[in-house]
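J.: Sending over a structure as C-alpha cells; questions will come in a sec.
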Amino acid sequence: MRRISILGATGSIGQNTIDLIARAPQEYRVVALTGAGNIAQLADDACRLGAEIAVTAHDDRLEELRTALSGSGVDAAAGAQAIVEAAQRPADWVMSAIVGVAGLAPGLAALRDGATLALANKESLVCAGSLMRDTARTRGATLLPVDSEHSAIFQALTGENIADVERIVITASGGAFRDWPVEDLHKATLELASSHPNWDMGQRITIDSASLFNKAMEVIETREYFGIEPERIEVLVHPESLVHALVGFADGALMAHVGPPDMRHAIGYALHWPERRALPVERLDLARIGSLTFRAPDERRWPALRLAREVMAAGGLSGAVFNAAKETALDGFIDGRIGFTKMAEVVERVLDRICAQPGHIDATMTLDNVAHIDHLARQEAGTVIQKIAG
Ligand code: NDP
Ligand code: MG
C-alpha cells in the first residue's frame with residue numbers, strides 16, 4: 001500500500017486528490033491530511049479515509065478538531081509547525097496543495113524526507129525554486145508538477161531531450177475579463193473576478209487568473225521547473241482552455257497537450273507516474289468542439305506578464321518579493337481596499353523598491369532568508385496599499 005499525505009486537503013486541489021484516492025482505497029494508506037479553516041471537511045475526510053493524523057493551520061481551532069475526531073482514532077494537531085511535522089511523517093507520495101507561500105516549508109519538509117512531492121503549490125517554485133530543486137536532488141526525492149500547464153509540458157517532454165527544446169508555450173484562458181475594454185478593467189468587481197470561465201478552482205487562483213498573475217507565476221514556474229531560458233517561454237491566450245501547453249522542438253515540431261479542464265488529469269498523472277491509468281475525466285470530442293482559437297496576450301491589459309519577465313531577469317530572491325507583494329495586493333483587492341488594476345501597480349512598486357536595495361535579493365536562498373524577504377515585501381506592499389487606498 002502506498003502511504004499518502006495531502007497538504008491542503010480541504011481545498012480545491014486537495015478535494016480532487018481525495019476524489020481519486022477514495023476510488024481505490026485498498027491501494028492507499030493515508031498518513032496526514034492538513035487544512036486550515038474548514039474543520040468539518042478535514043475531520044470528515046480524515047475519518048472516512050482512516051488517516052493517521054489531521055492538522056489544522058489554526059492553533060485556536062485544535063479543540064474543535066479534536067471534538068470532531070473523537071472516537072475515530074485519528075490524531076489531531078494544530079499550527080504551522082504541526083503541518084511541517086505532519087509533512088515529515090514517512091510517506092511515499094505527498095500532495096503539496098496549500099495555497100500561498102505557507103505551502104513552502106511543509107513541501108520542503110516532505111522533500112527532505114525523500115517523498116515524491118506532487119507540487120500544485122506553484123508559490124514554492126516562484127519563491128524558492130533552487131532550494132526546492134536542490135533539496136529534492138540531495139535527498140533523493142522526486143518533484144512532480146501538478147499545475148496543468150507544467151504537467152502538460154512534463155508529459156510532452158517524456159522521452160525527449162531537453163537540449164532539443166526550442167521553446168515552451170503555456171496557454172492562458174485570459175480569465176474573466178479577457179474581452180473587456182482595457183479602459184473598463186478598473187471597474188472589475190470581486191464577484192466577477194472570482195468566477196472563472198472554464199476552471200473550477202480556489203478563489204485566490206481564480207482572481208489571479210483574471211489578472212494573469214497566475215500566468216506570470218507559471219512563467220516563472222516553467223523557468224524554475226524545466227531550467228529553460230526566459231526568452232524561450234511564451235504565453236498564448238487560448239479561451240477554450242483545452243490545449244494546456246505546447247513544446248516546440250529544434251526540428252519545428254510542436255507537441256501540444258490537449259485535455260479537458262479538469263485538474264484530476266494532472267493530479268492523477270502525478271499520482272500514477274510513471275504509469276498511466278484510466279482516470280474519471282471527460283474524453284474530448286474534438287469534432288463536436290470544432291475549433292480551437294489562440295491569440296497573443298496584450299501586456300497593456302495584463303502587466304503581470306511583464307513583471308514576471310523582470311523578476312526572471314533580476315533572479316535571486318526577487319520571486320519571493322513578487323509573490324509576497326502579489327499575495328498582499330490580492331488580500332487588498334479581496335478586502336475592497338484597492339481596485340483590480342491596482343494590484344499590478346502595488347507589485348511593481350514593491351519590486352522596484354526592494355530589488356533596488358543592495359543585498360536584499362542577492363541573499364542566499366534559505367528558508368529563513370525567503371521568510372525574511374517575504375515579510376519585508378508584505379510590509380512594503382501594505383504601505384503602498386495604504387497610500388493608494390488613503
Ligand atoms: P484552495 O483555496 O481551494 O485551498 C487551499 C488549501 O490550503 C485549503 O486546504 C486551505 O485550508 C489551506 N490553507 C489555506 N491557508 C493556509 C495556511 N496559512 N496554512 C496551511 N494551509 C492553508 O486553493 P486551491 O486548491 O485552488 O490551490 C492550492 C494550490 O494549488 C495553490 O498554490 C494554487 O495556485 C495551486 N493550483 C491550483 C489549481 C486549481 O485548480 N485549484 C490549479 C493549479 C495550481 P481551508 O480550506 O481548510 O481553510
Ligand atoms: Mg495552471
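J.: Enter the accessible area per residue of the chain (Å², integer; probe 1.4 Å; all protein chains in place).
T.: 42 Å²
J.: I'd like the trypsin sites (Lys or Arg not before Pro) in segment 296-390 restricted to DSSP loop residues with at most 13 other Cβ atoms within 10 Å, sorted by number.
T.: Those satisfying the criteria are ARG300.
J.: Sticking with this one: All other residues with a Cβ under 14 Å from the Cβ of ARG288 taken together, and with Lys, Arg as +1 and Asp, Glu as -1, what is their net charge?
T.: Cβ neighbours under 14 Å give a net charge of -2.
J.: Rounded to whole Å and sorted largest first, what semi-axes of the equivalent ellipsoid does the C-alpha gyration tensor of segment 97-136 yield via the square root of 5 times each eigenvalue?
T.: They are 14, 11, 8 Å, listed from largest to smallest.
J.: What is the local net charge at LEU192, summed over the other residues whose Cβ is closer than 13 Å to its Cβ (Lys, Arg +1; Asp, Glu -1)?
T.: Surrounding charge for LEU192 is -1.
J.: Considering only protein heavy atoms and a probe of 1.4 Å, how much of the accessible area of the chain is carbon and sulfur, as a whole percent?
T.: 49 percent
J.: Something else now. If a/c stays under 1.5 just call it rounded; otherwise compare a/b with b/c (prolate if a/b is bigger, oblate if not). Do that for segment 1-112, with a ≥ b ≥ c from the square roots of the Cα gyration tensor eigenvalues.
T.: Note, shape of segment 1-112 comes out rounded.
J.: Listed highest first by mean packing, meaning other Cβ atoms within 10 Å per residue, what order do 68-75, 35-42, 91-98 come in?
T.: 91-98, 35-42, 68-75
J.: Mind checking the log10 I(q)/I(0) for segment 293-337 at q = 0.28 Å⁻¹? Debye, one equal scatterer per Cα, no solvent, two decimals.
T.: The calculated log intensity ratios at q = 0.28 Å⁻¹ are -0.97.
J.: Within straight cross-link reach of LYS342, meaning Cα distance under 17 Å, which lysines are found once same-chain residues fewer than 8 apart are removed?
T.: Of all the lysines, those that pass the test against LYS342 - Cα under 17 Å, at least 8 places apart if same chain - are LYS187, LYS326, LYS387.
J.: Right, another one. With just the Cα atoms defining each centre, how far is segment 119-176 from segment 177-201? Give it in Å.
T.: Centre-to-centre distance over Cα atoms comes out at 27 Å.
J.: Sticking with this structure for a sec: Helix-only estimate, please: 222 nm mean residue ellipticity of the chain, summing -39500 (n - 2.57) across DSSP H runs of length 4 or more and dividing by its residues, to the nearest 500.
T.: It comes out at -14000 deg cm²/dmol, rounded to the nearest 500.
J.: Please find the FRET efficiency linking THR158 to ARG295, where r is the Cβ-Cβ separation and R0 is fixed at 22 Å, and quote it to the nearest 0.05.
T.: Here the calculated transfer efficiency is 0.15.
J.: Further question on the same structure: Give me the distance between the Cα centres of segment 314-377 and segment 227-285, rounded to whole Å.
T.: 29 Å
J.: Report the local net charge at GLY259: Lys and Arg +1, Asp and Glu -1, summed over other residues whose C-beta lies under 10 Å from its C-beta.
T.: Neighbourhood net charge equals -1.
J.: Looking only at Cα atoms, what is the convex hull volume of the chain per residue, in Å³?
T.: Dividing the Cα hull volume of the chain by its residues yields 142 Å³.
The values are calculated or read from the model by the stated rules, or taken from the named source; none is laboratory data. Here the structure is a predicted model, which is why all the values come from computation and not from measurement. Note that each Cβ is placed from the backbone with ideal geometry, even for glycine, and that neighbours are counted across all protein chains shown. Heavy atoms of the whole protein, side chains included, go into the accessibility calculation; ligands, DNA and RNA do not. Shrake-Rupley method; radii C 1.70, N 1.55, O 1.52, S 1.80 Å.
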